[in-house]
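A.B. asks: Next up is a structure, given as structure tokens.
The values are calculated or read from the model by the stated rules, or taken from the named source; none is laboratory data. All figures in this text were calculated on a predicted structure; none of them were measured in a lab. All Cβ positions, glycine included, derive from the backbone under ideal geometry; neighbour counts span all protein chains shown.
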Amino acid sequence: MNIKKFEKDMAVFSFKQHQDVLTYIRHLKAMGWILEDAKEWVEGEKKRLASNSEGTHYPTFNCPTCSKPMQLLPVNVSDGTKTSDDSKSVWLCTNKDCMHTIYSKESINEILRNITNGK
């Protein structure tokens, strides 16, 4: 194995991410599942989440850094969305090369209420 080439090609991933992938694959195998099962589940979840959010239209505004649309998302609602503060939502730039973020202590519902009330 060419370690230097591997490290260069996979540099986008942290050591922890490499460990998590190996743990996931081991657990998948131990439970009798294969990687294709995981891919199928992920695709199904993406479709389910997309259909659940079709009627949900959050306000958007353009990123102050790159002018692309920003998306409003909840934070600190699950392990995957934890921040190091008490933020309740985040505006995230949809441009993957920018990814500018603006955290807020207001929940999405509070932001929507303020927008609706003209604040």
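A.B. asks: Could you tell me how many of the residues in region 95-119 are among the β-branched types (Val, Ile, Thr) and surrounded by 14 or more Cβ atoms within 10 Å (Cβ to Cβ)?
C.D. replies: 4
A.B. asks: Taking Val12 and the conditions (1) modelled with pLDDT under 85; (2) not assigned by TED's automatic domain parsing to the domain that holds Cys98, which numbered condition does it fall short on, given that it satisfies the others?
C.D. replies: Going through (1) modelled with pLDDT under 85; (2) not assigned by TED's automatic domain parsing to the domain that holds Cys98 one by one, Val12 breaks only (1).
A.B. asks: Any chance you could count how many residues in region 68-93 are outside any loop (DSSP other than H, G, I, E, B) and of a type in the set (Asp, Glu)?
C.D. replies: Adding up the residues that qualify gives 1.
A.B. asks: Considering region 100-119 alone, what residues qualify as being more than 13 Å from Phe61 (Cβ to Cβ) and either part of a helix (DSSP H, G or I) or of a type in the set (A, V, I, L, M, F, W, C) (or both)?
C.D. replies: Correct list: Ile108, Asn109, Glu110, Leu112, Arg113, Asn114, Thr116.
A.B. asks: Any chance you could count how many residues in region 13-29 are in a loop (DSSP other than H, G, I, E, B) and farther than 25 Å from Glu40 by Cβ? I'd like the intermediate steps shown before the answer.
C.D. replies: Of region 13-29, the ones in a loop (DSSP other than H, G, I, E, B) are 13-14.
Next cut, farther than 25 Å from Glu40 by Cβ only: 14.
Number of matching residues: 1.
A.B. asks: On to the next question. Answer yes or no as to whether Asp97 is in a loop (DSSP other than H, G, I, E, B) and on the phi < 0 side of the Ramachandran plot.
C.D. replies: For Asp97, the condition - in a loop (DSSP other than H, G, I, E, B) and on the phi < 0 side of the Ramachandran plot - is met.
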